[in-house]
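Visitor: Sharing a structure below in structure tokens format, with a few things to ask.
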Amino acid sequence: MREPPRIADVELRAGLRDQYGLVPVALAYLPRGHDYQAGVYRVVDERGAAYLLKVKAAALYEPGCLVPAYLHAQGIAAVVAPVPTLGGALWTTIGEWTAIVYPFHDGDTSLTGMTDAHWREVGSTFRRIHQAPLPQADFASIRRETFDPAEYARWVQTFETQHLNAPMDGSAAERALRTSWQAHQPTIHAGLAVLERLAEDLRSRPLPLVICHGDLHAANLLRDDASHVYVIDWDDVRLAPKERDFIFVREPEAAAFWDGYGHHAIDWVALAYFRWERVITDAIELARDVSLREDLSEATKTELARVFAVMFSADGKNLAAAR
């Protein structure tokens with residue numbers, strides 16, 4: 001369940017006029033995505049052109065705009081880049097929100113809508129992304145993989161100390177989350193131990209770093225009616241071993257992806273690390289949203305607590321892949 005950001009439409013319209021020269025005749029909230037600190041809108045201007053407006057409450061991670069703009073300029077048309085403001089910036093502020101405008105591509109981002117042809121195109125696109133040269137400027141603030149899971153262990157320890165050992169009060173969603181966490185605490189702790197062991201191995205040998213999207217899955221791949229695939233949502237972009245983008249490349253789709261990607265050698269230790277890291281970071285994010293966020297409704301928190309429980313159940317595909 002997605003809730004519209006707490007910003008008035010009239011403020012969004014004024015910001016689009018002032019910063020982008022767009023005169024919206026239609027502004028529609030789209031309940032999409034998993035980032036509960038952001039919201040997206042479909043905007044149609046007076047000329048009939050359609051745009052996607054994204055507003056974020058959290059601090060902007062600038063490479064999320066800079067990198068797709070750079071890759072698009074390198075001729076990788078499948079990468080959706082921000083539309084510049086009148087002043088040439090890739091983002092702006094509207095009230096207390098960071099605002100980013102993109103061209104609107106009408107299409108499907110469901111987790112089940114990818115065909116083999118789509119996956120082959122994605123494989124070809126990501127080979128080009130991973131081979132893109134790193135620019136000398138503009139990437140100073142991009143995250144670089146260090147294989148250091150210590151912060152995850154500290155967060156888990158703090159959460160368990162402050163929440164699991166506290167009286168079972170709070171909302172129904174918080175109680176459900178705590179119950180699930182306690183039930184799966186051995187798996188969470190085992191995952192942290194695996195991360196540390198793998199990280200020690202990976203830190204001992206240098207691995208080449210490339211531009212990685214960081215969150216490559218079907219919901220971040222938009223397919224249009226012409227069967228073109230666009231790569232969206234670069235909020236987790238980083239410099240990392242290429243395996244960072246292979247977390248969700250699994251059977252039966254994997255064969256088509258590799259057919260498009262071409263010859264490859266996989267560092268299986270790195271891939272195992274990234275898959276376990278995804279399990280742990282998803283657990284942390286869900287626990288944080290349910291237990292610590294005050295701006296989410298009880299209905300949203302109930303759904304997130306359910307997602308947490310499913311993640312560690314027999315239906316949890318990410319956990320199954322990590323194991």
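The values are calculated or read from the model by the stated rules, or taken from the named source; none is laboratory data. Keep in mind that what you see is a predicted model, and the values were worked out from it rather than measured. When we count neighbours, we look across all protein chains shown, and the Cβ atoms used for this are built from the backbone with ideal geometry, even at glycine. With ligands, DNA and RNA removed, areas are computed over all heavy atoms of the protein, side chains included. Shrake-Rupley method; radii C 1.70, N 1.55, O 1.52, S 1.80 Å.
Visitor: Grab the beta carbon distance between Glu251 and Ala193, set R0 = 30 Å, and tell me the FRET efficiency rounded to 0.05.
Guide: 0.65
Visitor: Skipping prolines and chain starts, which residues have an amide H placed within reach, meaning under 5 Å, of the one on Arg143, given they are 5 or more residues away or on another chain?
Guide: Leu239
Visitor: With the dipole of segment 180-259 worked out from charges on the C-beta (+1 for Lys and Arg, -1 for Asp and Glu) around the Cα centre, which of Ile247, Trp258, Ala226 lies farthest toward the positive end?
Guide: Farthest along the dipole direction, towards plus: Ile247.
Visitor: Using the Kyte-Doolittle scale, which helices in the chain average at least -1.0 and also have C-alpha atoms spread 18 Å or more along the helix axis, with helices defined as whole DSSP H runs?
Guide: Both cut-offs are met by 185-203, 268-292, 298-311.
Visitor: Among all the lysines, which ones have a C-alpha under 30 Å from Lys242's C-alpha, if same-chain residues fewer than 8 places away are not counted?
Guide: Lys54, Lys56, Lys317
Visitor: Please calculate how many Å² of accessible area segment 17-111 carries per residue, with a 1.4 Å probe and no DNA, RNA or ligand atoms counted.
Guide: Result: 46 Å² of accessible area for each residue.
Visitor: Using only DSSP helix segments of four residues or longer, with each worth -39500 (n - 2.57), what per-residue ellipticity at 222 nm results for the chain after dividing by its residue count and rounding to 500?
Guide: -13000 deg cm²/dmol
Visitor: With +1 on each Lys and Arg Cβ and -1 on each Asp and Glu Cβ, and nothing else charged, work out how big the dipole of the chain is about its Cα centre, in Debye to the nearest 20.
Guide: Result for the chain is approximately 340 debye, rounded to the nearest 20.
Visitor: What is the percent carbon and sulfur in the accessible area of the chain, measuring with a 1.4 Å probe over the protein chains and ignoring ligands?
Guide: Solvent-exposed carbon and sulfur of the chain make up 52 percent of the total.
Visitor: Residue by residue through segment 105-114, which ³J(HN,Hα) values in whole Hz follow from phi under the Karplus form 6.51 cos²θ - 1.76 cosθ + 1.60 (θ = phi - 60°), with glycine and proline marked x?
Guide: In residue order, the calculated couplings are 10, 6, x, 10, 10, 5, 6, 10, x, 8 Hz.
Visitor: I need the shape label for segment 1-147. Rule: rounded when a/c is under 1.5, else prolate if a/b > b/c, else oblate, with a, b, c from the alpha carbon gyration tensor.
Guide: prolate
Visitor: Over the Cα atoms of the chain, what Rg and Dmax result, in angstrom?
Guide: Using the Cα atoms of the chain, the pair Rg, Dmax is 20.4, 59 Å.
Visitor: Still on this structure: Determine the per residue accessible area of segment 226-323 with all protein chains present and a 1.4 angstrom probe, expressed in square angstrom.
Guide: Ligands and nucleic acids excluded, the figure is 42 Å² per residue.
Visitor: Would you work out which of Tyr41, Ala305, Val55 lies farthest towards the positive end of the dipole of the chain? Charges go on Cβ: Lys and Arg +1, Asp and Glu -1.
Guide: Looking along the dipole axis, the top candidate is Ala305.
Visitor: Amide H neighbours of Val210 under 5 Å, at least 5 residues apart or on other chains, H built in the peptide plane: list them.
Guide: Hits under the 5 Å cutoff: Ala240, Lys242.
Visitor: For segment 246-295, what's the radius of gyration and Dmax over Cα atoms, in angstrom?
Guide: Considering segment 246-295 through its Cα atoms, Rg and Dmax are 15.7, 48 Å.
Visitor: Mind running the shape call on segment 196-323? Use the C-alpha gyration tensor, a ≥ b ≥ c as the square roots of the eigenvalues: rounded below 1.5 for a/c, prolate if a/b tops b/c, oblate otherwise.
Guide: Oblate.
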